[in-house]
Amino acid sequence: MAETATHLSVLEGVLERITYANEDNGYTVARVDTGRGAADLLTVVGALLGAQPGESLRMHGRWGSHPQYGKQFTVENYTTVLPATIQGIRRYLGSGLIKGIGPRIAERIVEHFGTDTLEVIESEPKRLVEVPGLGPKRTKLIAAAWEEQKAIKEVMVFLQGVGVSTSIAVRIYKSYGDASISVVKNQPYRLASEVWGIGFLTADRLAQAVGIPHDSPERVKAGLQYALSQATDQGNCFLPQERLIADSVKLLQVDIGLVIDCLGELADEQGVVREDVPAADGDREPVKAVYLVPFHRAEISLAGQLLRLLRGSEDRLTAFQDVDWDKALAWLTTTTGTDLAPEQQQAVRLALTEKVAVLTGGPGCGKSFTVRSVVALALAKKTKVILAAPTGRAAKRLAELTGADASTVHRLLELKPGGDAAYDKDRPLDADLVVVDEASMLDLLLANKLVKAVPPGAHLLFVGDVDQLPSVGAGEVLRDLLAPSSPVPSVRLTRVFRQAQQSGVVTNAHRINAGEPPVTQGLPDFFLFAEEDSEAAGRLTVDVVARRIPAKFGLDPRRDVQVLAPMHRGPAGAGVLNGLLQQAVTPGRPDLPERRVGGRTFRVGDKVTQIRNNYDKGANGVFNGTVGVVTALDPDEQKLTVRTDEDEEIDYDFDELDELTHAYAVTIHRSQGSEYPAVVIPVTTGAWMMLQRNLLYTAVTRAKKLVVLVGSRRAIGQAVRTVSAGRRFTALDHRLSPGAE
């Protein structure tokens, strides 16, 4: 061990295993073999960005001691040293570093070439065909993966100095290839808009590291666009100009005058759109709204398309304009064996006689039966009906309910890479009636794509519960369609049917929605396990899912039970609970392969969810919120396979696994549009800021048979009392109102 000029010690060793890795900042805790053998491993911590088990590392850093873990080495920076021994080469190649080489193939290659192995792969990769079982195709893949790994390493070394995580470095390389370093040095703010997972803050850190001035107009414009994109992530279609300027000054720490000037330049360059819209309360002066361009276009387009449908002279359902409704409703009663209530009859008539209509109402009020009746009558008149919903689960439920085919909106429109749809205004859907269920989930961008594809004269029925949480994406489309000024006709079902009144789940959902606490005693399908401490509530949640519900109700903890948490963070948040539930439901086994990515480990049997729209996967893309189960994991091919809720097998390369997260527990926001036999909801004071009535109501209404609340009575009371803190910034209701055009 030598001292360098900067007083850093040098340590060499083979990286045996990574015990912890923070993907956000690259901080890693690992065990290293310094030559004393696997029984005497040393702990190293710090910036081990991109290092893989099996690699020989030369690390510069400082020695220290940890009160719990003893002697350890803090790494400031490192370089990779190719291993020289047969054992080291075997370990290095078998680590999963090179796609196509797993432990078994590494063994064969090293057995054949010995200490010359790495030289052969580097200089004469065609010779790999000499190894039994390696054909030309696999040989070519290995050679290409080796070259890519070398290039990524170069980018890694450059990015190491500015603290970018491994997964992001790989993404930068995938986006820009050999130009990666040039883009980072010269145009770092491009990364924020062009590379998924890199926001303004990461790009800003990079920009500072490569010397871009704090008050550069390029930085301020990127910051303004970031502030707007953050607002859309929170559901807003625009921000009032005053608020945008204030948020940006706080974010960028620059002079307000510079921000105002740069906002003007951005508007001139058509990077943003500024427009006066009415204030939400209607009394004050108009608000100067600032939009990102796609959201402004979508809002104008959606309003225009809805008005086009409403006012069009064409009608594809003329058969219902002069129908004998008494006769039609009597036929329905005979067919279904059930009488429709008066408000349900009104909804059926509305859907079949009005070009655009909305059906809303809470659980147990007969929305589903009404939809079934609409579809049955339409099909009886040989109408072309298309049924859709925002999620796979909701589409499946709609199909079961109506006995007709249903699909997700994404699949219906055949969305392509880049987000363009195969069906639009110029190539509309072949439909006379389009029914969209779970419409509270429709965000502005998706609703616009859908409505564009509805042909003139067709009828469009939105069905959803407006009291649930609004969409994850920007907008409050269903609420705006139901606004007092909206020209779209609607029916709200309010009567809870007798059969539904016997359900504790339905009864308590309506109690919560009315601001009354749920009844938690004496019901066969609604329970509370009281626990004030958040950490203990987290542990109790796991016990309820893994042991108590299966024992009492015979439900499968992975397939039938879903944990819905108010937030991701905290001891009873979805993040921590996923780790604990995985240990309880899908524990690791020595004979089964697994793959560690950052702080997560993926195994066969894991319940997972997609966390970004990826238009390149599957038949028509895989979308944010898609849920599935890991069915295969191949360390040699570095590939994991997921069977989704839509029964589609999707492959993920190991370097794409940051698109997946575990789904044993999900946030209530992510559960929208889904329905589960049993729902377990941890409600703790740790989630105090998130506790709102529509959040708890949405969680409870996801359950078909059983709800178990775990946590604090005080926190439940807070959720029931707290009405959502105001509307999102949207102007769709204004654009639909008379005189807005």
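Quick notes on this one:
- Odd one out for Leu340, checked against (1) of a type outside the set (Val, Ile, Thr); (2) within 23 Å of Val434 (Cα to Cα); (3) open to solvent by 30 Å² or more (accessible area, probe 1.4 Å): (3)
- Conditions (1) free of Cβ contacts under 8 Å to residues at least 60 places away in the same chain; (2) part of a strand (DSSP E or B); number of the one not met by Leu592: (2)
- Residues of segment 343-380 that are among the polar types (S, T, N, Q) and within 13 Å of Leu433 (Cα to Cα): Thr353 alone.
- Just one of the numbered conditions (1) in contact with a Phe, Trp or Tyr (Cβ under 6 Å, 6 or more places away or on another chain); (2) open to solvent by less than 20 Å² (accessible area, probe 1.4 Å); (3) within 21 Å of Val720 (Cβ to Cβ) is not true of Gln562: (3).
- Among residues of segment 614-640 that are at positive phi, those with a beta-carbon under 7 Å from a residue that is open to solvent by 50 Å² or more (accessible area, probe 1.4 Å) and polar (S, T, N, Q) at least six positions away or on a different chain give the pairs Gly621/Asn613.
- Ala530 of a type in the set (A, V, I, L, M, F, W, C), touching a Pro at 6+ places or on another chain (Cβ under 7 Å) and under 21 Å from Leu695 (Cα atoms): no
- Test: residue in segment 375-390 that is out of contact with any Ser or Thr (no Cβ under 6 Å at 6 or more places or on another chain), more than 23 Å from Leu481 (Cα to Cα) and free of Cβ contacts under 8 Å to residues at least 12 places away in the same chain: yes
- Taken together, Thr383, Thr370 contain a single residue that is polar (S, T, N, Q), assigned to a loop (DSSP other than H, G, I, E, B) and at pLDDT 90 or above, which is Thr383.
- Checking Ser486 against (1) touching a Leu at 6+ places or on another chain (Cβ under 9 Å); (2) under 24 Å from Pro682 (Cβ atoms); (3) polar (S, T, N, Q); (4) open to solvent by less than 30 Å² (accessible area, probe 1.4 Å), the condition it does not meet: (2)
- Taking every residue in segment 571-587 that is under 18 Å from Ser534 (Cβ atoms) and pairing it with any residue that is among the polar types (S, T, N, Q) and assigned to a helix (DSSP H, G or I), at least 6 positions away or on another chain, the pairs with Cβ-Cβ distances below 7 Å are Pro571/Ser534; Ala572/Ser534; Ala572/Thr541; Leu577/Thr541.
- Test: Ser471 is of a type in the set (S, T, N, Q) and under 23 Å from Tyr615 (Cβ atoms): yes
- Of all residues in segment 221-232, those that are over 14 Å from Ile198 (Cβ atoms) have Cβ atoms under 7 Å from Cβ atoms of residues that are open to solvent by 20 Å² or more (accessible area, probe 1.4 Å) and in a helix (DSSP H, G or I), 6 or more apart or on another chain, in Lys221/Glu265; Gly223/Leu251; Ala227/Asp247; Ala227/Leu251; Thr232/Phe295.
- Of everything listed in (1) open to solvent by less than 60 Å² (accessible area, probe 1.4 Å); (2) farther than 22 Å from Glu269 by Cα; (3) modelled with pLDDT of 85 or more, the single unmet condition for Gly197 is (3).
- Qualifying residue in segment 79-95 (condition: among the hydroxyl-bearing types (Ser, Thr, Tyr) and modelled with pLDDT of 85 or more): no
- Candidates are the residues of segment 1-40 that are over 24 Å from Ala84 (Cβ atoms) and among the charged types (D, E, K, R); the one that is modelled with the highest pLDDT is Glu23.
- Of all residues in segment 697-721, those that are at positive phi have Cβ atoms under 8 Å from Cβ atoms of residues that are buried (at least 24 other Cβ atoms within 10 Å of the Cβ) and of a type outside the set (A, V, I, L, M, F, W, C), 6 or more apart or on another chain, in Gly711/Pro682; Gly711/Thr684.
- Scanning segment 52-70 for residues that are farther than 16 Å from Arg17 by Cβ and either open to solvent by less than 90 Å² (accessible area, probe 1.4 Å) or of a type in the set (D, E, K, R) (or both) yields Arg58, His60, Gly61, Arg62, Trp63, Gly64, His66, Gly70.
- Filtered by the rule that a residue be open to solvent by 10 Å² or more (accessible area, probe 1.4 Å) and outside any loop (DSSP other than H, G, I, E, B), segment 635-658 gives Lys639, Thr641, Arg643, Thr644, Glu649, Asp651, Asp653, Phe654, Asp655, Glu656, Asp658.
- Of all residues making up segment 600-632, the number that are of a type in the set (A, V, I, L, M, F, W, C) and open to solvent by 20 Å² or more (accessible area, probe 1.4 Å): 6
- In this structure, Thr43 qualifies as open to solvent by less than 20 Å² (accessible area, probe 1.4 Å) and under 17 Å from Tyr20 (Cα atoms).
- Subset of segment 401-422 [of a type outside the set (Gly, Ala, Ser) and either out of contact with any helix residue (DSSP H, G or I) (no Cβ under 7 Å at 6 or more places or on another chain) or open to solvent by less than 50 Å² (accessible area, probe 1.4 Å) (or both)]: Thr402, Thr408, Val409, His410, Arg411, Leu412, Leu413, Glu414, Leu415, Lys416, Pro417, Asp420
- Residues that are under 15 Å from Thr701 (Cα atoms) number at least 3 in the following helices (runs of 4 or more DSSP H) confined to segment 501-586: 504-513.
- Pick from segment 262-302, criterion of a type in the set (Val, Ile, Thr) and in contact (Cβ under 8 Å) with a residue 24 or more places away in the chain, ranking: most open to solvent (accessible area, probe 1.4 Å): Ile300
- Looking across Ala687, Ala699, one residue alone is open to solvent by less than 10 Å² (accessible area, probe 1.4 Å), assigned to a helix (DSSP H, G or I) and modelled with pLDDT under 90. It is Ala687.
- Entry remark, segment 383-400: residues being open to solvent by 20 Å² or more (accessible area, probe 1.4 Å) and within 26 Å of Gln305 (Cα to Cα) number 4 in total.
- Entry remark, segment 107-127: residues being within 17 Å of Glu147 (Cα to Cα) and open to solvent by less than 20 Å² (accessible area, probe 1.4 Å) number 4 in total.
- One residue stands out among those in segment 303-327 that are part of a loop (DSSP other than H, G, I, E, B) and of a type in the set (Gly, Ala, Ser): the one that is most open to solvent (accessible area, probe 1.4 Å), which is Ser313.
- Of the residues in segment 135-145, not one is at pLDDT below 80, of a type in the set (Ser, Thr, Tyr) and either surrounded by 16 or more Cβ atoms within 10 Å (Cβ to Cβ) or over 27 Å from Asn614 (Cα atoms) (or both).
- Among (1) closer than 24 Å to His568 by Cβ; (2) surrounded by 21 or more Cβ atoms within 10 Å (Cβ to Cβ), the one test that Arg595 misses: (2)
The values are calculated or read from the model by the stated rules, or taken from the named source; none is laboratory data. Quick caveat, the model's predicted, so the values are computed rather than measured. Backbone-built Cβ (ideal geometry, glycine too); neighbour counts: all protein chains shown. Surface accessibility is based on the protein's heavy atoms, side chains included, excluding ligands, DNA and RNA. Shrake-Rupley method; radii C 1.70, N 1.55, O 1.52, S 1.80 Å.
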